[in-house]
1. Calculate the dipole size of the chain relative to its Cα centre from +1 charges on Lys and Arg beta carbons and -1 charges on Asp and Glu beta carbons; express the result in debye to the nearest 20.
2. Let's test the formula: R0 of 41 Å, r as the Cβ-Cβ distance of residue 41 and residue 127. What FRET efficiency results, to the nearest 0.05?
3. Mind checking the log10 I(q)/I(0) for the chain at q = 0.09, 0.13, 0.16 Å⁻¹? Debye, one equal scatterer per Cα, no solvent, two decimals.
4. Considering the dipole of segment 32-110 built from charges on the beta carbon (Lys and Arg +1, Asp and Glu -1) around the Cα centre, which of 55, 89, 37 is farthest to its positive end?
5. Just want the ordering: 53, 129, 69, from fewest to most Cβ atoms lying within 10 Å of their own Cβ.
6. Arrange 150, 134 by Cβ neighbour counts within 10 Å, fewest through most, would you?
7. Which is the longest stretch in the chain that no exposed loop site breaks, taking sites as trypsin sites (Lys or Arg not before Pro) with a DSSP loop state and at most 16 other Cβ atoms within 10 Å?
8. Using a Cα distance threshold of under 25 Å, what count of lysine pairs results for the chain when pairs must be 8 or more residues apart or interchain?
Amino acid sequence: MSEVWLPVPGFYLEASSEGRVRSTPRTIVRKNGAPQFCPGKVLTPNPGNKYGHLYVTARAIGSEKQNYHAVHALVALAFHGPRPDGQITRHEDGDLTNNRPSNLKYGTYTDNKADEAIHGRGRARLLRHEVDTMRVLKLYGVKNKDLSRMFSIDPGQVSKICSGKSWVFEE
């Protein structure tokens, strides 16, 4: 079967059935008013965080600047539609570099944690310095949802850890 490309809504991008992302060919108008043709090209993903997700740099339609976007989120958006509120994009096989649409599913944090347990990626405990860092960041006003992403734990656990209701240290 040949590679299928679908547009990524809201971007000058297309995502493929092989989990790749490419920019679309287009003509832009430069600041001096001159038109410039930009050929489309397959984007080279970079590891964007310590967990192993792949990211590309792209500009959303109507945006003035480029930002990092997770490849799995772009592919899921193109092939599965918008992510439902309160859900995340999961890698069903546990391989964070496998961004094929057949491997990506929308689900809850709980679903994702169950996937991690099955594939041996999850951790049941945080290290002491991680909990200390989380609590300091919370004191400086960092939100629970941001802390949950930073430490790859459920937002409810962040609340329990920062309030002192839950903490399990391993050295």
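1. I would put it at about 620 debye.
2. Values: r = 41 Å, r/R0 = 1.01.
That gives a FRET efficiency of 0.50.
3. -0.40, -0.75, -1.00
4. My answer, from the dipole projection, is 37.
5. Ordered by Cβ neighbours within 10 Å, fewest first: 129, 53, 69.
6. Numbers: 150 16, 134 23.
Ordered from fewest to most neighbouring Cβ atoms within 10 Å, 150, 134 come out as 150, 134.
7. Values: sites that count: 30, 31, 41, 50, 59, 65, 123, 125, 143, 165.
Counting only loop sites that pass the neighbour cut-off, the longest clear stretch is 66-122.
8. So the count works out to 25.
Any read-out appearing in this document is the output of simple, stated calculations on the displayed coordinates, not a laboratory observation. All of these numbers come straight from a predicted model, not from anything done at the bench. Heads up, the Cβs are rebuilt from the backbone with ideal geometry, glycines too, and the neighbour counts pull from every protein chain shown.
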